[in-house]
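Note sheet for the following structure.
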Amino acid sequence: MTERLGRRGQLPWGLRLAVAATGLVGGLVVGGRSIGGVPALGPLLDPVHGILASAATAELAPTESLALGGLTDSVVVRYDDRGVPHIFARRTLDAVRAVGFVQARDRLFQMEMTARAAAGTLTELVGARALPADRSARRRGMAAAAEARWAALSDTSELRRLLEAYSDGVNAWIAQMPATALPIEYRLLGARPRTFRPQDTFYMLSVMAQTLSYRDDELRREAVEALVGAAATAALFPVDAPIQEPIIPVPGRLTPRFLEVGFPAPVVPTAARVAAARRIGATRDWLGAPSLLSDEAVVGSNNWAVGPTRTEAGHALLAGDPHLQLTLPSIWYELHLVTDSLDVYGVTLPLSPFPSIGFNRDVAWTATNTGADVVDFYRETVDDSVAPTRYRVDGVDRAISSEVVAFLDRGGDTLAIDTLYRTHRGPLLRSPMGWVSMRWTALEPSNEFAGVWGALRATSTDGWYEAMRPFRVPAQNFLVADRAGHIAIRSVGRFPIRPGDGRGDRVFDGSRSASDWLGDVPFDRIPQVLDPAQGYLASANQQPIDPATDPTYLGWDWPTPWRAMRINEVLRADAAMTPEKMSATHTDPRSPLTAAILNQARASLGARPGAPAAAQDAMRVLQEGWDGRFTVESSGAVLYDALVTALTDLTWDEFLAPDDTTSRRMATPNSMMLVRLFGDPTAAWWDDRRTADRVETRDDILVAALERAWLRTGSAYGDSPANWRWGTVRQANIRHLLELPGFGRESIPMQSGPGTLSPNDGRGVHGASWRFVVELGDSLRAWGTYPGGQSGNPFSSRYDDRLADWRRGALAPLQTPRTPDALGAARSTLTLRPEAAR
């Protein structure tokens with residue numbers, strides 16, 4: 001069995017897992033009786049129906065033959081040595097039905113959790129602890145959007161038949177699933193899987209749209225304006241990134257463009273301003289928004305492609321590296337589909353039959369999140385502050401639609417009742433800052449799966465993008481390469497046009513129809529390029545296009561450009577790129593941010609003769625004892641990280657409320673703004689308001705940050721830098737979906753760092769969710785891995801068997817047989833036959 005990242009002397013893995021699981025539940029059980037819906041301990045230890053029964057079906061049988069209703073012909077599923085199902089069928093409908101069956105066999109509980117997360121019915125599975133998440137999902141209208149997308153499909157559409165076949169396959173597995181195959185999570189919860197529906201696939205899309213496109217940044221901006229003033233806010237959270245390294249290359253430009261910037265002083269916050277900022281912050285919390293501290297884009301996706309003129313073999317190369325939440329089981333499920341009309345390999349999100357990222361024999365594709373501004377909030381004027389029935393637009397009252405919804409527990413009892421309100425813009429929400437409505441592209445008509453289904457069969461980059469025209473949410477930077485040697489990138493999605501200056505970085509006046517969207521950015525205006533002269537392309541969530549090229553508003557406060565700059569450095573320096581070099585770039589341990597910080601720290605220290613010894617010691621270690629690489633054994637990386645933290649805390653004190661005792665900033669400008677602030681050594685932002693007896697400058701703050709970093713690092717890890725190890729500071733924590741003890745894999749040392757291609761915010765719960773490289777030559781070659789394994793059963797060797805490769809940045813060869821026999825030795829062969837066959 002694969003090594004589980006455990007330690008010598010521990011109990012066998014299966015026994016350790018059982019002890020952890022029963023210990024978890026045992027704490028909620030008294031006298032052999034369930035409390036709060038949790039099952040009693042005795043049944044959990046039952047060898048047939050208890051948690052240990054999951055071990056009986058943890059591994060795939062060498063050969064198996066099962067009936068699957070609805071098939072028109074037999075389907076052969078061969079699992080390779082990595083547990084990837086290669087599904088061979090004559091008809092695509094049969095193949096998709098088989099996808100539902102095998103996905104459910106491996107990931108059933110994860111699939112139900114995803115559907116319920118969008119539906120706002122998690123309480124019916126896991127109890128009252130999920131009530132806040134359920135309320136947030138229903139307030140945002142995610143389920144209604146999914147149902148509307150499904151209802152918009154005609155009864156005879158091909159996509160409708162495909163999704164029906166997929167859900168039928170899922171339910172067929174549930175119907176014939178042996179008692180021992182019930183996922184362990186259901187056993188712990190005392191629950192059974194629900195019946196799945198075709199529209200559940202659209203529910204999964206709603207979850208991804210929330211992850212990748214829901215932003216309430218204009219609320220954050222209002223809070224910041226209340227605290228530091230409008231001019232300061234506009235400077236520190238600008239529409240255009242002050243360091244331009246755009247996705248769409250600017251011909252002839254090989255270095256970033258630095259925009260002219262200024263840093264107006266912050267206003268002195270009054271009690272009224274602080275109170276307003278807190279009300280807006282409370283509204284974000286009430287809406288279930290991300291933490292106010294998550295301003296720096298420490299996590300993010302990468303992709304890059306190289307044309308045949310700059311590769312050693314003369315073939316196009318493509319690399320994908322989407323970063324998402326790290327969970328067990330993994331967010332992705334790997335598969336290969338072969339039918340008479342389809343041959344496609346990739347990773348799909350459980351609850352979807354189609355690979356979201358992958359390749360066929362002619363085309364490969366991957367994506368990074370565009371991060372566009374596709375959500376707006378409107379202050380509404382309502383007729384009743386508690387239970388409104390009407391709202392006013394242009395002096396005329398309009399009716400508010402409402403719906404009373406109940407939240408149920410696992411026994412069917414009511415936990416809470418809410419009333420959901422809606423205007424013509426979207427959900428109407430009562431919040432600490434009053435009644436606001438929300439308009440979000442994810443809640444409006446679109447048909448993403450029609451685009452994905454068409455793109456799977458494309459044979460060229462042009463054909464792929466043409467097929468993807470229906471794809472609107474969430475907006476993605478889709479990078480594509482084909483066997484003819486073309487490479488291209490396009491920001492695919494819907495980008496609303498606002499009135500006035502076109503910007504959406506504010507809360508709008510809902511009493512005016514003139515505040516409503518005017519339409520969408522035309523297709524020919526969205527960022528895109530085919531076969532750039534430089535011969536390579538890279539995206540890492542940065543601003544897609546230089547505003548000097550096209551000033552069309554797409555968003556604001558863009559992620560930092562450090563990852564994009566590093567990828568471009570690597571690609572620019574090598575005109576003979578290979579798959580091996582592409583693979584190594586995934587975990588490249590350097591960042592352009594590092595030099596910017598250290599160069600200024602060195603200069604500031606030099607400008608302060610007689611600086612504290614601790615500051616000088618820190619600079620000596622960083623300058624002489626560190627090569628700037630964030631490897632797990634590095635000691636300098638530990639000190640550098642402490643320096644960046646200290647510098648951030650000392651610089652942005654203005655974002656703390658005057659009476660704050662938690663050190664929780666209302667917001668934090670990203671590191672790109674900090675680096676640009678270096679150019680203004682006496683800017684008011686350098687003064688630390690907490691030191692009333694003096695006014696600090698840039699050099700004072702840099703020296704103080706060096707001193708603090710040295711003292712705090714020594715206190716935390718020992719006085720000798722020889723004892724500091726980056727791998728003890730930056731680790732990956734891959735937690736189970738329910739965060740069950742023993743079911744996750746935590747404290748995994750990682751080669752990652754601030755501004756590198758593999759960033760980490762210290763919590764380690766986000767990261768590279770799927771790394772792959774494709775070479776599109778006369779023969780197709782590909783490599784990939786993700787953190788975890790194909791199975792959702794913690795007893796299975798396929799639960800986390802890829803972690804070792806993922807941790808060290810290694811990619812495994814991906815097999816793409818055209819026939820079942822071409823796979824060679826298989827881990828398992830499953831034959832699915834029509835129900836009537838014997």
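The values are calculated or read from the model by the stated rules, or taken from the named source; none is laboratory data. Since this is a predicted model, take the numbers as computed values, not measurements. Ideal geometry is used to build each Cβ from the backbone, glycine not excepted, and the neighbour counts take in all protein chains shown. For the accessible areas, the whole protein counts, side chains as well, though only heavy atoms, and no ligand, DNA or RNA atoms are used. Shrake-Rupley method; radii C 1.70, N 1.55, O 1.52, S 1.80 Å.
Numerical summary
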{"read-out": "Elements of type strands (runs of 3 or more DSSP E) in the stretch 385-504, at least 2 residues being under 28 Å from ASP217 (Cα atoms), touching a Gly at 6+ places or on another chain (Cβ under 9 Å) and aromatic (Phe, Trp, Tyr)", "value": "434-440"}
{"read-out": "Which listed residue is open to solvent by 10 Å² or more (accessible area, probe 1.4 Å) and at positive phi, from GLY411, GLY454, GLY395", "value": "GLY395"}
{"read-out": "Cβ-Cβ under 7 Å pairs, at least 6 apart or on other chains, the stretch 569-598 side without any contact (Cβ under 8 Å) to a residue 60 or more places away in the chain, far side open to solvent by 20 Å² or more (accessible area, probe 1.4 Å) and not in a strand (DSSP E or B)", "value": "VAL570/ASP588; LYS581/ASP574"}
{"read-out": "Residue satisfying all of: in the stretch 687-713; of a type in the set (Lys, Arg) and in contact (Cβ under 8 Å) with a residue 24 or more places away in the chain; nearest to ALA618 (Cα to Cα) among these", "value": "ARG708"}
{"read-out": "Helices (runs of 4 or more DSSP H) contained entirely in the stretch 135-193, each with at least 3 residues that are within 25 Å of LEU740 (Cα to Cα) and open to solvent by less than 20 Å² (accessible area, probe 1.4 Å)", "value": "184-189"}
{"read-out": "Test for LEU219: is it among the hydrophobic types (A, V, I, L, M, F, W, C), assigned to a helix (DSSP H, G or I), touching a residue at least 12 places away in the same chain (Cβ under 8 Å) and open to solvent by 10 Å² or more (accessible area, probe 1.4 Å)", "value": "no"}
{"read-out": "Filtered residues of the stretch 553-569 (kept if open to solvent by 20 Å² or more (accessible area, probe 1.4 Å) and not acidic (Asp, Glu))", "value": "TYR553, PRO559, MET565, ARG566"}
{"read-out": "Residue selected from the stretch 785-838 under the condition in a strand (DSSP E or B) and either touching a residue at least 40 places away in the same chain (Cβ under 8 Å) or of a type in the set (A, V, I, L, M, F, W, C) (or both), by the criterion surrounded by the most Cβ atoms within 10 Å (Cβ to Cβ)", "value": "LEU832"}
{"read-out": "Selection status of ASP106, over 28 Å from ALA191 (Cα atoms), part of a helix (DSSP H, G or I), open to solvent by less than 20 Å² (accessible area, probe 1.4 Å) and acidic (Asp, Glu)", "value": "no"}
{"read-out": "Options LEU60, LEU71, LEU66: the member that is touching a residue at least 12 places away in the same chain (Cβ under 8 Å), open to solvent by less than 40 Å² (accessible area, probe 1.4 Å), assigned to a loop (DSSP other than H, G, I, E, B) and out of contact with any Ser or Thr (no Cβ under 7 Å at 6 or more places or on another chain)", "value": "LEU71"}
{"read-out": "Identity of the residue in the stretch 667-716, β-branched (Val, Ile, Thr) and assigned to a helix (DSSP H, G or I), that ends up surrounded by the most Cβ atoms within 10 Å (Cβ to Cβ)", "value": "THR713"}
{"read-out": "Verdict on MET582 being out of contact with any strand residue (DSSP E or B) (no Cβ under 6 Å at 6 or more places or on another chain), assigned to a helix (DSSP H, G or I) and either open to solvent by 10 Å² or more (accessible area, probe 1.4 Å) or among the aliphatic types (A, V, I, L, M) (or both)", "value": "no"}
{"read-out": "Residue tally, condition in contact with a strand residue (DSSP E or B) (Cβ under 7 Å, 6 or more places away or on another chain), more than 23 Å from GLY777 (Cα to Cα) and of a type in the set (Asp, Glu), over the stretch 486-536", "value": "2"}
{"read-out": "Selection count, the stretch 754-769, where residues are part of a loop (DSSP other than H, G, I, E, B) and on the phi < 0 side of the Ramachandran plot", "value": "10"}
